[in-house]
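The values are calculated or read from the model by the stated rules, or taken from the named source; none is laboratory data. What you are looking at is a predicted structure, and each value in this text was computed from that prediction instead of being measured. Cβ atoms come from the backbone with ideal geometry, glycine included; neighbour counts cover every protein chain shown. For the accessible areas, the whole protein counts, side chains as well, though only heavy atoms, and no ligand, DNA or RNA atoms are used. Shrake-Rupley method; radii C 1.70, N 1.55, O 1.52, S 1.80 Å.
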Amino acid sequence: MTHRKIGYFDVDGTCYVAKPGRWRGKYVISEDGEELQEKLCTTLHENEEDACAEGLTLGIAAARKLMREREGFDPGDE
């Protein structure tokens, strides 16, 4: 699992075994310990690292969108 802080949000990117030998990414966005959004990715990957990277990348994009909607600015991906 990887973790990033985007604005007010904590983004956790992880993955799970979708079927034998195939992985899917997943992300969870939370704020102050409260889960706001969870999403399972649809792309199947042959390795765990690629799936986790996809989960984190999509989670960061979703957190940036939430910040734009809530605060009117984009904090970037750092």
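Looking at the range 39-56, I want the residues that are under 11 Å from T14 (Cα atoms) and have a partner that is of a type in the set (D, E) and in a helix (DSSP H, G or I) with Cβ atoms under 8 Å, at least 6 apart or on another chain. Which pairs are those?
Here the result reads C41/E54, each pair linking the range 39-56 to a residue that is of a type in the set (D, E) and in a helix (DSSP H, G or I).
For residues that are out of contact with any strand residue (DSSP E or B) (no Cβ under 7 Å at 6 or more places or on another chain) and of a type in the set (S, T, N, Q), tally how many sit in the range 44-71.
1
For the range 25-65, name all the residues that are out of contact with any Gly (no Cβ under 9 Å at 6 or more places or on another chain), open to solvent by less than 50 Å² (accessible area, probe 1.4 Å) and either over 20 Å from G76 (Cα atoms) or among the hydrophobic types (A, V, I, L, M, F, W, C) (or both).
Residue satisfying the conditions is A62 alone.
Filter the range 3-15 for residues that are touching a helix residue (DSSP H, G or I) at 6+ places or on another chain (Cβ under 8 Å) and open to solvent by 60 Å² or more (accessible area, probe 1.4 Å); which is nearest to E69 (Cα to Cα)?
Y8
Between a first residue in the range 1-13 that is over 14 Å from T57 (Cβ atoms) and a second residue that is in a loop (DSSP other than H, G, I, E, B) and among the small types (G, A, S), which pairs have beta carbons less than 9 Å apart while being 6 or more apart in sequence or on different chains?
Once the first residue is over 14 Å from T57 (Cβ atoms) and sits in the range 1-13, its partners that are in a loop (DSSP other than H, G, I, E, B) and among the small types (G, A, S) give D10/G33.
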